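Inspection log for the structure reproduced underneath, given as C-alpha cells.
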Amino acid sequence: MLRAIAVALALTLPAAAQNADATKALERFTELRPGDDDLAMYRLDWAPDLAEAQKRAAKEKRPVLLVVIHAKYGDMVTGHC
C-alpha cells in the first residue's frame, strides 16, 4: 500500500511542484521518508493466527516467528501493537 501511495505521489507531485516552496517541501519529504529497509516489517506475510502460520511454515519450509501482543487493541496484521 505504501508503495502505491509513493507511486501516486511520484506521478502527481511533480506537476504540483511549480514553485520553490513546493519543490523545497518535496525535497524534505524525500529526505524524511523511511526507506525500504525501514518499512520491511510491513511487507511481511503475517498470518492471523499460529495454526495458519504453522501450516504456511510447513508448506514453505521456513520458521515461524511468534509475536505476542499484550496490548488491548494490538493487531500486528495492520501494524498496530
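Kindly provide the set of residues from region 31-50 that are closer than 20 Å to Ala10 by Cα and surrounded by 10 or more Cβ atoms within 10 Å (Cβ to Cβ), ordered by number.
Taking region 31-50 and keeping what is closer than 20 Å to Ala10 by Cα, we get 31-39.
Selection gives Arg33, Pro34, Leu39.
Does Leu11 satisfy being exposed (fewer than 10 other Cβ atoms within 10 Å of the Cβ), aliphatic (A, V, I, L, M) and at pLDDT 85 or above?
On the way: exposed (fewer than 10 other Cβ atoms within 10 Å of the Cβ): yes; aliphatic (A, V, I, L, M): yes; at pLDDT 85 or above: no.
No: the conditions fail for Leu11.
The values are calculated or read from the model by the stated rules, or taken from the named source; none is laboratory data. What you are looking at is a predicted structure, and each value in this text was computed from that prediction instead of being measured. Neighbour counts run over all protein chains shown; Cβ positions are idealised from the backbone, glycine included.
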